[in-house]
Amino acid sequence: MLVWFLIPTLVIVGGGVWFFTKNSSSVKPEESGKAEAVSTPVLGTVDYDIVSRDHIAQGTSGSGYNSNPPSSGPHWQGPAKNGFYDSALPDEQLLHNLEHGHIWISYKPDVGDEVKNKLKEITQKEDWKVVVAPREANDATIASVAWGRVLKMDEPDWQKIDDFITTYRNRGPEKTPE
């Protein structure tokens, strides 16, 4: 009788200990303040600590960002639609896109038509989770942004932009189908 009671008890207790120690040691990237790891980062990409995932009221300004353009932090609840934009979109709106794993390519508004046309081509070819919009506050001509990551360029490197999209798309903390 003791064997029938003791063995199942030890199995249950042992299984519980294993389960709780396994889960407590595996910290998700967004809980650690870091972006999701990749096996081969795109050269020149800078990883930033995740500031927050807090939602703020639509129309209010976020603050406390640690990159330019921001790659995480307080943002609005409504994302922008995929595609190419000729006018600027609020950082707070685009940050929600990044949280969903989108790639945001921002460009200085004064870039030439050749660059804009190439960026339009990218959004036509890569129409899933890619938003391209001008941004006056950029400190580089073009910046590719993912959740917790920024790749800045003063001269466009189209291969690096493609690699950035392929490597970092759908790596935000909220995986969504759109």
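We did not get these values from a lab; they are worked out from the coordinates using the rules stated. Bear in mind that the values here come from a model prediction, so they are computed numbers and not experimental data. Cβ atoms come from the backbone with ideal geometry, glycine included; neighbour counts cover every protein chain shown.
For the reader, a short list of remarks on this structure follows.
- In this label model, Glu114 and Thr40 are separated by 2.9 nm, measuring between points 7 Å along each Cα→Cβ vector.
- Under 5 Å, built H, 5+ apart or other chain: amide partners of Thr141: Met153, Asp154
- Within the stretch 39-144: Cβ-based charge dipole about Cα centre, in debye rounded to nearest 20 (Lys, Arg +1; Asp, Glu -1): 220
- Of Lys125/Lys175; Lys108/Lys129; Lys81/Lys175, pairs whose Cα-Cα distance is over 18 Å: Lys125/Lys175; Lys108/Lys129
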